[in-house]
Every structure is written in C-alpha cells, then in structure tokens.
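The next block holds one structure in the form of structure tokens; read it before the comments.
The values are calculated or read from the model by the stated rules, or taken from the named source; none is laboratory data. Being a predicted model, the structure only gives us computed values, none of them experimental. Methodologically, a virtual Cβ is constructed for each residue, glycine included, from the backbone with ideal geometry; neighbour enumeration extends over all protein chains shown. Surface areas here come from the heavy atoms of the whole protein model, side chains and all, with no ligands, DNA or RNA. Shrake-Rupley method; radii C 1.70, N 1.55, O 1.52, S 1.80 Å.
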Amino acid sequence: RDGTLERDLEAQADIITQQRAIIEQIASNLNVAGAPEESAIRAALPDLPPVTTPEEIADIAARMQDLDRLCFSLRQDLATLASELGLTVEETLDVAACAADLAAREHEVRVKRVAEQIVESVRDRMIQKVLPKTEENMRLLLPQLTMGRYRDCEITPDYKLQIWDDAAGRPVAKNIFSGGARDQFSLALRLAFALATLPEALGTTPGFIFLDEPLSSFDAPRSEALVDLLTRGQIHDNFSQIFVISHNLLFDRRAFTHHLRLEYGAVVESTLPDH
C-alpha cells in the first residue's frame with residue numbers, strides 16, 4: 001500500500017538485469033553464443049570455484065576484463081619491442097632465436113670492449129714513445145720557424161702545448177700568444193710529430209710530407225723561415241719529397257725544385273718534367 005512492494009520488485013529487477021549483463025559478458029569472453037548454462041561455463045573454466053552469489057559472478061567478470069586489458073597491453077608492448085629490434089612479432093616470440101641473437105650481440109659487445117682496450121693500450125704506448133721525441137724535435141724547429149725568438153717548449157700531461165717565454169720567465173700556454181705566433185707553434189708541433197713518427201730507418205715509407213696552406217697567415221719573414229726549413233733544414237733532410245700548396249706568394253718559389261701554378265683548376269705554368 002505504501003509502495004514498498006513496488007520498490008522491492010524494482011530492486012529485484014535491477015539485480016536480474018545486472019546478473020544477465022554479467023552472464024552475457026562471460027559468454028562473450030568465452031565465445032559462447034547466448035547465455036550459457038553453468039555446465040558450459042564450468043566446461044570452459046574447469047578450475048572455476050562454486051559460485052553462489054551475484055557478487056562472486058561480478059568479481060569473476062571483472063577479473064576477466066582485467067585479463068583482457070593485460071593481454072592487450074602485452075600485445076602492444078610486444079609490437080613496440082619488435083619494431084625497435086627490427087623484427088616481426090612472430091620473430092620476437094621465438095625464444096630460442098631471441099636467445100641466440102642476444103648471445104651473439106653480447107659476444108660482439110665483448111669483442112668491441114677488448115678491441116677498445118687494445119686500441120687504448122697501443123695509443124698510450126705510442127704517446128709515451130712519440131711524445132718525448134716530438135718535444136725534442138720541436139725544440140729544434142722552433143728557433144728556425146720563429147727566427148730565434150722562441151727556443152723551448154713542453155707538452156703537458158693533458159697534451160697541451162706550452163712555450164717558454166723569456167719575458168714571463170716560464171712556460172706559457174699557446175693560446176695567449178698572437179695569432180701569427182700560434183700558427184708558427186702549431187705548424188712546428190705538426191712537423192715535429194711527423195718527424196717523431198718516422199720509421200727508425202731512413203728511406204722507408206713514408207718518404208714524403210704534404211703541407212696544405214702552411215703559409216696562409218705568415219708574413220714575408222715567417223714565410224721565408226718556413227721555406228728555408230723545408231728546402232734546407234731538418235724537414236728537407238728527412239723527407240725525399242715535400243709538397244706545399246699555397247696562395248701566399250711572399251717567398252721565392254725558386255727555392256723549390258719544381259712548381260706548378262693553377263688558375264680555376266687548370267695548370268697555367270709548370271716546371272715539372274714532361275714525362
């Protein structure tokens with residue numbers, strides 16, 4: 001009379017609707033048409049515990065939805081991994097092939113690490129052998145290139161070049177000198193290193209040195225000092241052939257045994273032998 005019965009009936013109808021939706025979801029997950037009987041559900045899920053309440057049915061449905069979402073997420077992760085490895089999804093699922101590929105890559109990494117250690121060791125030994133000789137050669141070249149202004153230098157443990165400066169009374173970093181002086185020091189260092197790396201026996205390769213634009217920032221006196229070093233000094237004595245490319249004409253090119261002049265890529269003048 002007061003509507004209680006109607007409300008109870010509506011509540012029961014809602015429960016029935018919810019249960020029917022849960023059963024339909026389970027049927028969908030099991031790929032079963034229509035609403036399956038309990039026997040069909042238990043045949044598909046033999047480990048399913050006895051279900052006696054709507055809450056337990058709802059819990060099972062929720063867990064099945066969670067598993068569906070997890071499977072979808074795993075498939076996406078697998079596709080992403082396959083793309084990053086440059087493989088197909090089927091190839092990434094081949095555990096044996098993946099294990100073999102992993103072993104091969106790990107071996108490659110170990111080989112590269114050993115090679116890196118060997119290179120570093122050889123580099124260190126070369127530096128220890130070449131560095132003192134480079135400093136020694138540079139002390140011979142500096143006075144010739146700088147017309148006697150600078151005579152001594154040292155290479156620091158971190159391979160920075162320092163030049164002895166009489167005014168300062170100590171070795172000074174190369175970068176505080178003028179641009180022209182820095183160019184002289186850099187060229188002297190390169191020539192000194194080239195001499196230091198020559199084979200012990202003269203006449204063995206390499207028998208030539210190739211200098212590309214060594215005079216580009218030199219004035220006439222500095223240019224002549226370098227030309228003298230190349231044609232009559234220590235560089236001349238250690239290399240049978242010396243090639244110099246230069247746009248700087250502030251020196252006597254007759255100091256070289258041969259020369260050729262290019263204009264727009266074409267030879268316009270040459271003293272090279274005809275043959």
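Starting from the Cα gyration tensor of the stretch 217-275, take the square roots of the eigenvalues, sort them a ≥ b ≥ c, and report rounded, prolate or oblate (rounded when a/c is under 1.5, otherwise prolate if a/b is larger than b/c, else oblate). Oblate. Computed on the Cα trace of the stretch 71-169, the radius of gyration divided by the Kirkwood hydrodynamic radius gives Rg/Rh = 1.47. Note on Ser178 and Leu74: their simple-model spin labels are 7.7 nm apart, each label 7 Å out from Cα toward Cβ. For the listed peptides 178-185, 77-84, 264-271, 66-73, a ranking on the average number of other beta carbons within 10 Å per residue, highest first, reads 178-185, 77-84, 66-73, 264-271. Taking label points 7 Å from Cα along the Cα-to-Cβ direction, Phe256 and Asp158 give a separation of 3.9 nm. The modelled label-to-label distance between Ala99 and Val130, using points 7 Å beyond Cα along the C-beta direction, is 4.7 nm.
Could you please state how large a percent of the accessible area of the stretch 58-214 is carbon and sulfur, counting protein chains only and using a 1.4 Å probe? Result for the stretch 58-214: 59 percent of the exposed heavy-atom area is carbon or sulfur. Using 25 Å as the Cα-Cα cut-off, could you pick out the over-long pairs in Lys112/Lys174; Lys112/Lys160; Lys129/Lys174? With Cα atoms farther than 25 Å apart: Lys112/Lys174; Lys112/Lys160.
Can you give the net charge of the other residues whose Cβ lies under 13 Å from the Cβ of Ser178, counting K and R as +1 and D and E as -1?
Cβ neighbours under 13 Å give a net charge of +1.
Note on Met126: accessible area is roughly 110 Å² with a 1.4 Å probe, heavy atoms of protein only.
Full extension from Gln65 to Glu108: what is 0.36 nm times the residue separation minus their Cα-Cα distance, to one decimal in nm?
Extending this stretch completely gives an extra 11.1 nm.
I need the shape label for the stretch 128-202. Rule: rounded when a/c is under 1.5, else prolate if a/b > b/c, else oblate, with a, b, c from the alpha carbon gyration tensor.
In terms of gyration-tensor shape, prolate.
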